[in-house]
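Notes for the one structure printed next.
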Amino acid sequence: MKNLIKQLTIILLLTLVFSCDKKDDNIIPNINSYPMKIGTEWTYVEQCIRKHYKPKTSILIKEDTITSVIKISIAKDTLFSDTMKVKVFNLQKDNSGVVSREFNYLDDKGFKTYAYSNEDIHIEDKPALNIKFPLNFKSSWTYKDEFEHTMRIDKKVIGSEQLNLFGQNFSCFKVAWKYSENMGFETTDWISNKGLVKRIRIHDKATFTTFDGKPIGLQITEKTTLKSFKVLE
């Protein structure tokens, strides 16, 4: 009897495991556009995890985490060259006022960035294709072309996943970034029909020199996760 109960328990566990896997495999997000209404807002929690290593070894010296709150909001319409109509996306960090802006728009290709600013406005050599629509499991595209001061970055859908955050489910496509140069970056986005839900960016371990001239090994992982949102239809 005990053996029978044990066998039934194993079968039940296997059924649950494979059911979950199948459910994840069958998630097909419906993402054909990006929220663009003025007044739309996203709030994210960003964790920057820094691991300090003894130079040229895998010996961990210490680990620290810096947590920030980032708010992105669509503020208004504006024009470039009197003809290019874009939306102004403001980025604030830790309630410190507007840190940067992106000037974004939608066309028949997808969600694009025409220009961006920290203090000065920089117009892209060619509008950056953030997301190509419609997104599907075969989607791949060039995000930025290679120019004098920029490297080529491609993006590709590598799967789908359902994320549960603050009691809500988000059906997402996972999008990996591919850099033309080996800069030691690894970036993955989780995108839903409500916008960017999650991003993980890993900077490979590298050796740097401190201000006092001492070498140190450092690996940085940035995790950005949606905390709340107000998407206007």
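The values are calculated or read from the model by the stated rules, or taken from the named source; none is laboratory data. Computed from a prediction, not measured in an experiment: that's the story for all the values here. Reconstructed Cβ throughout: ideal geometry from the backbone, glycine too, with neighbour counts over all protein chains shown.
I'd like to know if segment 158-171 contains one or more residues that are under 15 Å from residue 34 (Cα atoms) and either β-branched (Val, Ile, Thr) or at pLDDT 95 or above (or both). Yes, segment 158-171 contains at least one residue that is under 15 Å from residue 34 (Cα atoms) and either β-branched (Val, Ile, Thr) or at pLDDT 95 or above (or both).
Condition check: touching a Lys or Arg at 6+ places or on another chain (Cβ under 9 Å), touching a residue at least 12 places away in the same chain (Cβ under 8 Å) and assigned to a strand (DSSP E or B). Does residue 51 satisfy that? Steps first, please.
Numbers: touching a Lys or Arg at 6+ places or on another chain (Cβ under 9 Å): yes; touching a residue at least 12 places away in the same chain (Cβ under 8 Å): yes; assigned to a strand (DSSP E or B): yes.
When the stated conditions are applied, residue 51 passes them.
Taken together, the residues in segment 137-154 that are within 16 Å of residue 32 (Cβ to Cβ) and surrounded by 14 or more Cβ atoms within 10 Å (Cβ to Cβ) amount to 2. The set of residues from segment 147-176 being among the aromatic types (Phe, Trp, Tyr) and either touching a Phe, Trp or Tyr at 6+ places or on another chain (Cβ under 6 Å) or under 19 Å from residue 46 (Cα atoms) (or both) comprises 166, 170.
Condition (residue is more than 23 Å from residue 201 (Cβ to Cβ), out of contact with any Cys (no Cβ under 9 Å at 6 or more places or on another chain) and among the aliphatic types (A, V, I, L, M)) applied to segment 141-164: is it met by at least one residue?
No, segment 141-164 contains no residue that is more than 23 Å from residue 201 (Cβ to Cβ), out of contact with any Cys (no Cβ under 9 Å at 6 or more places or on another chain) and among the aliphatic types (A, V, I, L, M).
For segment 216-228, the criterion of a residue being within 30 Å of residue 30 (Cα to Cα), touching a residue at least 12 places away in the same chain (Cβ under 8 Å), surrounded by fewer than 17 Cβ atoms within 10 Å (Cβ to Cβ) and in contact with a Ser or Thr (Cβ under 7 Å, 6 or more places away or on another chain) is satisfied by at least one position. Going through (1) surrounded by 13 or more Cβ atoms within 10 Å (Cβ to Cβ); (2) among the hydrophobic types (A, V, I, L, M, F, W, C); (3) in contact (Cβ under 8 Å) with a residue 24 or more places away in the chain one by one, residue 157 falls short only on (3). Taking the criterion of being within 27 Å of the chain's Cα centre (by Cα) and among the acidic types (Asp, Glu), the residues of segment 59-84 that qualify are 63, 64, 77.
For beta carbons closer than 8 Å, sequence separation of 6+ or different chains, a first residue in segment 121-135 that is under 22 Å from residue 174 (Cα atoms) and a second that is of a type in the set (Ser, Thr, Tyr) and at pLDDT below 95, there are no qualifying pairs.
Condition first: more than 21 Å from the chain's Cα centre (by Cα), of a type outside the set (D, E, K, R) and over 21 Å from residue 199 (Cα atoms). Can you find one or more residues in segment 125-133 that meet it? The answer is no, given that none of the residues of segment 125-133 is more than 21 Å from the chain's Cα centre (by Cα), of a type outside the set (D, E, K, R) and over 21 Å from residue 199 (Cα atoms).
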